[in-house]
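Heads up, the thing below is written out as structure tokens.
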Amino acid sequence: MNIALILSGGTGTRLGCNIPKQYIEVNDKMIICYCLETIAANSQVDCIQIVADEVWHSKIAQALDDECLAKLKGFSLPGANRQLSIYNGLTDIRAYADDDSYVLIHDAARPLLKNELIDACFDAVGGKTDTSGMNIVLGKKYDGVLPVVPIKDTVYMSEDKKHISSLIDRDKIYGGQAPEVFLLGRYYKANEELVPDKILKINGSTEPAVMAGMDIVMIEGDENNFKITTQADLDKFKYMIKTRGF
């Protein structure tokens with residue numbers, strides 16, 4: 001079974017809006033619905049679990065189309081940080097999915113997710129295809145997949161946050177994206193081992209998997225699959241919706 005876990009528990013305070021960014025309407029559609037409709041339409045996704053504050057559950061359900069509702073399995077409550085929200089979602093998912101299932105984790109605030117990237121994630125984790133050019137071993141099943149984009153700017157290290165300490169080779173540095181796909185049982189255990197305190201220091205979904213020694217492969221991400229964090233990001237999304245028909 002392949003389950004999509006959608007993270008929609010953020011408050012979006014950096015955007016300065018009176019509601020979380022994922023519930024802002026663009027072209028009469030909440031931002032969360034853009035990625036949900038793409039995910040629900042993907043043939044490899046069997047069901048959907050959404051992490052969201054309880055006050056938004058009914059509003060989300062009312063906004064979903066029939067295809068989304070048919071795959072919606074339930075809601076999970078947010079945690080104190082993003083990774084605890086993931087852990088809550090994984091806990092609920094394990095009530096109906098076995099440990100050999102795969103969970104696809106995506107942010108509600110990444111609305112421009114493409115069907116092709118979802119397929120690429122599931123195909124790569126199962127060793128089915130290598131369209132990314134990142135040397136996936138065909139026929140090998142991985143513990144997880146992380147879409148990445150290359151870093152374009154020169155990257156520097158600063159030990160004191162005031163002066164440049166060293167230059168980092170940007171050819172070896174990548175920016176991680178969502179969706180990430182993980183083997184449910186091993187990923188749940190990786191997160192469980194960090195509860196209750198260490199998990200609060202986790203910044204990226206793949207971090208617990210790497211710490212646990214899971215075999216995670218990278219694939220090529222999508223520059224348009226950006227996360228809406230600032231007003232500039234929201235303006236960019238509105239522009240792309242208006243001009244490119246995403």
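The numbers here are math on the coordinates, done by the rules we state, and not lab data. Everything quoted here is computed from the prediction, not taken from an experiment. When we count neighbours, we look across all protein chains shown, and the Cβ atoms used for this are built from the backbone with ideal geometry, even at glycine.
The Cβ shell under 10 Å around Leu184 holds other residues with a net charge of 0, Lys and Arg each +1, Asp and Glu each -1. Highest mean first, the peptides 234-242, 89-97 sorted by other C-beta atoms within 10 Å per residue fall in the order 89-97, 234-242. Expressed in units of 2.2 N^0.38 Å, where N is the residue count, the Cα radius of gyration of the range 111-246 is 1.21.
Excluding same-chain neighbours fewer than eight residues apart, the lysines reachable from Lys238 by a Cα-Cα span under 18 Å are Lys21, Lys29, Lys114, Lys227. Two tests apply to each whole DSSP H helix in the chain, Cα reach of 15 Å or more along its axis and mean Kyte-Doolittle hydropathy of at least 0.5, and the ones passing both are 31-41, 115-125. Overall size of the range 1-142 from C-alpha positions, given as principal axis extents largest first: 48, 33, 31 Å. Comparing Val155, Val51, Val137 in a Gaussian network model of the chain where C-alpha atoms under 10 Å apart are linked, the largest mean-square fluctuation is found at Val155. Mean separation of Cα pairs under 8 Å and 6 or more residues apart, divided by the residue count, gives the range 2-244 a relative contact order of 22 percent. Kirkwood hydrodynamic radius of the range 2-244, from the reciprocal of the average inverse Cα-Cα distance over all distinct pairs: 18.7 Å.
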